[in-house]
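Undergrad: So that we are looking at the same thing, I have put the structure below in structure tokens.
Rule-based calculations on the coordinates, nothing more; no lab input. Owing to the predicted nature of the structure, the values given are computational and were not obtained by experimental measurement. Heads up, the Cβs are rebuilt from the backbone with ideal geometry, glycines too, and the neighbour counts pull from every protein chain shown.
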Amino acid sequence: MSDASERLAAPRVPLLAPHEFNEEQRSLTTDEQRHVNLFQLVAQHPEAHRRLKATGSFANFETQLPVRDRELMILRMAWLYQSEFEWSQHAQPALDAGLTGDDLARVKVGAEAGGWDDWDRTVLRTVEGLVSDCMIPTPVWDALAERYSTEMMLELVIFFGHYTLVTTLANVFGLGVNPGKPGFDA
């Protein structure tokens with residue numbers, strides 16, 4: 001078993017610089033994405049990049065899940081998985097989606113922190129259950145089902161799977177915080 005406190009100070013493999021992307025790699029990314037270390041990594045395997053892009057597109061742009069709920073889930077996952085990369089990519093979008101600076105601080109404590117409303121607590125417990133044992137506890141499931149359709153429940157699990165993959169890539173390959181992005185301490 002690995003030491004959960006181990007976080008890499010530098011990427012384990014060289015990342016592509018934006019000017020090194022070939023035509024195929026450029027076709028899979030935007031100019032902005034070519035400056036994000038995750039895309040500098042996955043561009044090195046275009047077929048895997050296509051697959052990640054497909055689930056990412058679904059999880060972020062085609063889902064019925066509310067943006068605020070998604071950002072709250074991502075931040076809790078980032079904290080539990082200790083993925084400073086993922087936190088840094090989603091702290092500002094979470095604020096843009098209506099979370100506050102105080103909310104971001106409470107995300108680190110989780111569902112048991114004071115100040116959450118019942119729904120936010122449900123969203124956080126969803127992530128905590130999925131991270132701890134790949135299960136949503138029945139009382140949490142029942143609370144989710146009061147707002148989410150069956151389609152949305154499926155989307156939630158796919159969304160969780162996509163961001164588990166991204167946080168795992170970031171941690172295993174040593175992707176840190178991109179320049180100009182806030183880390184855990186910001």
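Undergrad: Could you tell me whether residue 125 is surrounded by 20 or more Cβ atoms within 10 Å (Cβ to Cβ) and over 30 Å from residue 41 (Cβ atoms)?
TA: Values: surrounded by 20 or more Cβ atoms within 10 Å (Cβ to Cβ): yes; over 30 Å from residue 41 (Cβ atoms): yes.
Judged against the criteria, residue 125 is a match.
Undergrad: Output the number of the condition that residue 113 fails; it satisfies all remaining conditions of (1) of a type in the set (Gly, Ala, Ser); (2) assigned to a loop (DSSP other than H, G, I, E, B); (3) crowded, with 19+ Cβ neighbours inside 10 Å.
TA: Checking residue 113 against (1) of a type in the set (Gly, Ala, Ser); (2) assigned to a loop (DSSP other than H, G, I, E, B); (3) crowded, with 19+ Cβ neighbours inside 10 Å, the one that fails is (3).
Undergrad: For residues that are under 10 Å from the mean Cα position of the chain (by Cα) and assigned to a helix (DSSP H, G or I), tally how many sit in the range 67-83.
TA: Number of matching residues: 10.
Undergrad: Continuing with this model, one more query. Go through the residues of the range 86-93 one by one and say whether even a single one is surrounded by fewer than 19 Cβ atoms within 10 Å (Cβ to Cβ), assigned to a helix (DSSP H, G or I) and in contact with an Asp or Glu (Cβ under 8 Å, 6 or more places away or on another chain). Walk me through it before giving the result.
TA: The first filter runs over the range 86-93 and keeps only residues surrounded by fewer than 19 Cβ atoms within 10 Å (Cβ to Cβ), leaving 92-93.
From the residues that got through so far, the ones that are assigned to a helix (DSSP H, G or I) too are 92-93.
Filter once more, keeping what is in contact with an Asp or Glu (Cβ under 8 Å, 6 or more places away or on another chain): 93.
Checking the range 86-93: at least one residue is surrounded by fewer than 19 Cβ atoms within 10 Å (Cβ to Cβ), assigned to a helix (DSSP H, G or I) and in contact with an Asp or Glu (Cβ under 8 Å, 6 or more places away or on another chain).
Undergrad: Could you list, in sequence order, the residues of the range 18-38 that are closer than 20 Å to residue 171 by Cβ and aromatic (Phe, Trp, Tyr)?
TA: none
Undergrad: Could you tell me whether residue 155 is closer than 25 Å to residue 42 by Cα, out of contact with any strand residue (DSSP E or B) (no Cβ under 9 Å at 6 or more places or on another chain) and in a helix (DSSP H, G or I)? First the steps, then the outcome.
TA: Working: closer than 25 Å to residue 42 by Cα: yes; out of contact with any strand residue (DSSP E or B) (no Cβ under 9 Å at 6 or more places or on another chain): yes; in a helix (DSSP H, G or I): yes.
Answer is yes for this residue.
Undergrad: For the range 135-166, how many residues are surrounded by fewer than 19 Cβ atoms within 10 Å (Cβ to Cβ), hydrophobic (A, V, I, L, M, F, W, C) and over 20 Å from residue 58 (Cβ atoms)?
TA: Qualifying residue count, the range 135-166: 3.
Undergrad: Also, quick follow-up: Working carefully through the options 15, 41, find the one that is assigned to a loop (DSSP other than H, G, I, E, B), touching a Leu at 6+ places or on another chain (Cβ under 6 Å) and closer than 16 Å to residue 172 by Cα.
TA: Values: 41 fails: assigned to a loop (DSSP other than H, G, I, E, B).
Testing whether each residue is assigned to a loop (DSSP other than H, G, I, E, B), touching a Leu at 6+ places or on another chain (Cβ under 6 Å) and closer than 16 Å to residue 172 by Cα leaves just 15.
Undergrad: Please determine, by comparing only the residues of the range 75-85 that are out of contact with any Lys or Arg (no Cβ under 6 Å at 6 or more places or on another chain) and within 14 Å of residue 182 (Cβ to Cβ), which one is surrounded by the most Cβ atoms within 10 Å (Cβ to Cβ).
TA: Residues of the range 75-85 out of contact with any Lys or Arg (no Cβ under 6 Å at 6 or more places or on another chain): 75-78, 80-85.
Now drop any that are not within 14 Å of residue 182 (Cβ to Cβ), which leaves 75, 78, 83-85.
Working: 75: 24, 78: 27, 83: 25, 84: 22, 85: 24.
Applying the filter and picking the extreme gives 78.
Undergrad: Answer with yes or no whether residue 169 is surrounded by 17 or more Cβ atoms within 10 Å (Cβ to Cβ) and either touching a residue at least 40 places away in the same chain (Cβ under 8 Å) or farther than 18 Å from residue 93 by Cβ (or both).
TA: Values: surrounded by 17 or more Cβ atoms within 10 Å (Cβ to Cβ): yes; either touching a residue at least 40 places away in the same chain (Cβ under 8 Å) or farther than 18 Å from residue 93 by Cβ (or both): yes.
Criteria met by residue 169.
Undergrad: Quick one: would you say residue 113 is over 10 Å from the mean Cα position of the chain (by Cα) and under 17 Å from residue 186 (Cα atoms)? Talk me through it step by step, then tell me what you get.
TA: Details: over 10 Å from the mean Cα position of the chain (by Cα): yes; under 17 Å from residue 186 (Cα atoms): no.
Considered against the rule, which asks whether it is over 10 Å from the mean Cα position of the chain (by Cα) and under 17 Å from residue 186 (Cα atoms), residue 113 comes out as no.
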